[in-house]
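For reference, the structure is listed below as structure tokens.
The values are calculated or read from the model by the stated rules, or taken from the named source; none is laboratory data. Computed from a prediction, not measured in an experiment: that's the story for all the values here. Quick reminder, even Gly has a Cβ in these numbers, built from the backbone with ideal geometry, and neighbours come from all protein chains shown. We work out accessible area using only protein heavy atoms, side chains counted, and drop any ligands, DNA or RNA first. Shrake-Rupley method; radii C 1.70, N 1.55, O 1.52, S 1.80 Å.
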Amino acid sequence: MALHMTVEISRDSAESLTSQIQVFIRDEVEAGILQPGTRLPSSRQLAEDLSVSRSVVVEAYGQLVAEGYLEAVQGSGTRVVRHLPQQPVVPLLLDEDVAPAVRWDLRAGGNNTPAFPRTEWLTAYQRTLRTAEPGGTGYPPLAGEGALRVELSRHLGRLRGVRADAQHLMVTGGFAQALGLLCAVLPGLGIDALALEDPGHPGQRHFVRENGLRPVPVPVDEEGLVVDALAATGARAVLVTPAHQFPTGVTLSAARREALAQWAHDVDGWVIEDDYDGALWYERGPRPLALQRLAPERVVYAGTASKILGPGLRLGWLAAPEALLHPLLRVRARRDLGSESFTQLACAELLRSGLFDRHLRRLTELSAGRREALDEAVARHLPGATVLGAAAGLHAYVRLPRHVDEAALVAGALRRNVLVRGGAGFHTRPSRDAPALVVGHAHLPRSGVLEAMREVGLCYTRRAG
Ligand SMILES: Cc1ncc(COP(=O)(O)O)c(C=O)c1O
């Protein structure tokens with residue numbers, strides 16, 4: 001294998017070439033730049049690339065093997081050793097990622113996603129590569145590939161009733177990037193605070209603050225965001241999850257939708273509609289349409305592939321009012337040069353061919369089965385608890401009776417090999433709300449939901465005092 005490696009040497013140096021190569025590679029290994037397990041070019045190849053004699057490289061490699069930095073592996077050349085003695089440990093992982101290994105992981109979110117439709121994706125991706133224009137690996141359009149925006153405008157119109165043509169859509173790296181871009185644009189419109197649902201996504205609160213806006217909590221009740229409370233905050237922008245509130249699962253009522261659209265007009269404000277799982281609906285009765293259709297000039301609609309395909313794709317989209325679209329593109333142009341083309345084109349092909357809808361239908365059926373199992377398990381093992389909100393998405397909010405000690409239940413469940421989050425972490429003022437569990441079920445079989453909840457039920461205890 002003709003591997004490439006850059007090694008700095010100087011022919012003017014008094015130091016021998018062997019020593020220079022040896023010291024350079026050793027420093028790179030110690031600095032962690034040459035990573036454990038990295039394969040190096042053969043001595044013949046490196047000698048040729050550096051225009052030095054082969055014996056110079058053979059000797060340098062030999063010294064580094066003797067010192068324990070490199071190892072010679074039978075049949076596959078030389079590589080950096082996998083375990084350097086006394087390497088510094090750099091904590092790169094976020095708290096969310098260092099969760100204990102358990103039998104049942106019921107966290108909602110990135111660690112808990114459905115099976116990716118590999119066959120469909122492969123078909124779409126292969127077709128994309130076969131039919132790509134010769135210039136297909138050039139920079140993508142900043143707003144996203146035209147083919148994807150056209151397919152999305154059709155899909156979102158059909159499924160979610162979104163009012164947007166392809167020109168008003170922008171492809172993003174998931175909802176996270178969309179929110180980051182919006183946080184950068186809003187101050188230019190005189191906005192320094194973003195109202196957020198409470199309870200809501202704890203990560204989003206931090207994200208918004210980190211991105212320069214002041215998060216303002218607004219309560220949620222059985223009808224969704226309390227719009228009167230929003231109006232009382234004085235904020236002029238709000239982030240909502242109207243179809244299936246995160247995490248409670250309630251759907252924003254028709255009256256609140258009207259009130260929210262009216263509020264946006266009245267305060268010259270903006271609504272960010274996070275439709276993170278709006279495509280996945282299995283509640284009996286009609287699926288709620290997007291809020292954006294009520295006030296497309298005031299509502300930014302944002303969707304994501306994270307729940308239907310997987311967060312690893314980092315693919316999302318937003319439909320923005322004219323007044324925001326150009327500022328968004330300006331910010332984007334300063335931050336990156338667009339989303340990766342082939343993923344976008346494969347997604348367009350998935351939508352065009354109907355494979356996306358077929359996958360969605362299958363996912364919906366599976367999710368409905370799991371929710372049924374959850375309802376059944378809650379009724380059987382958690383007496384007095386109720387599953388709140390619409391049957392939709394990949395998680396459910398289980399409201400517990402007031403006497404249940406949420407923290408003890410979560411800790412007890414963990415001892416029984418079930419990792420589940422309590423409702424407290426999703427609230428800014430946990431003490432005022434009833435105890436709850438937020439149950440992510442995306443990756444479990446139906447039987448897994450039943451078994452995991454039975455384990456949780458065994459820890460169902462009364463709050464002391
Ligand atoms: C409330 C909410 N919004 C959005 C997302 C999706 O974010 P992204 O598209 O960046 O993966 C999630 C994912 O878990 C979520 O829980």
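What to note about this one:
- One residue stands out in the range 241-279 among those that are more than 18 Å from Ala302 (Cα to Cα), part of a loop (DSSP other than H, G, I, E, B) and away from the ligand (no atom under 16 Å from the Cβ): the one that is most open to solvent (accessible area, probe 1.4 Å), namely Asp268.
- Where a residue in the range 298-309 is open to solvent by 10 Å² or more (accessible area, probe 1.4 Å) and in a loop (DSSP other than H, G, I, E, B) and its partner, wherever it lies, is of a type in the set (Phe, Trp, Tyr) and more than 10 Å from the ligand (Cβ to nearest atom), with Cβ under 9 Å and at least six apart: Arg298/Trp270
- Within the range 78-101, being at pLDDT 85 or above and either open to solvent by less than 100 Å² (accessible area, probe 1.4 Å) or within 15 Å of the ligand (Cβ to nearest atom) (or both) holds for Thr78, Arg79, Val80, Val81.
- Between Arg284, Arg298, Arg209, the distinction of being out of contact with any helix residue (DSSP H, G or I) (no Cβ under 7 Å at 6 or more places or on another chain), outside the structural domain of Ala436 (by TED's automatic domain parsing) and within 20 Å of Val185 (Cβ to Cβ) belongs to Arg209 only.
- Restricting the range 138-161 to residues that are outside any helix (DSSP H, G or I) and within 24 Å of Arg330 (Cα to Cα), the residue that is least open to solvent (accessible area, probe 1.4 Å) is Gly144.
- Odd one out for Arg284 among (1) within 16 Å of the ligand (Cβ to nearest atom); (2) at pLDDT below 95: (1)
- Note on the range 112-141: among residues that are among the aromatic types (Phe, Trp, Tyr) and modelled with pLDDT of 95 or more, the one that is farthest from Leu363 (Cα to Cα) is Tyr125.
- Some residue of the range 300-317 being more than 30 Å from Ala436 (Cα to Cα) and either more than 11 Å from the ligand (Cβ to nearest atom) or of a type in the set (Phe, Trp, Tyr) (or both): yes
- Taken over the range 320-335, the criterion of being assigned to a loop (DSSP other than H, G, I, E, B) and over 13 Å from Ala178 (Cβ atoms) is satisfied by Pro321 alone.
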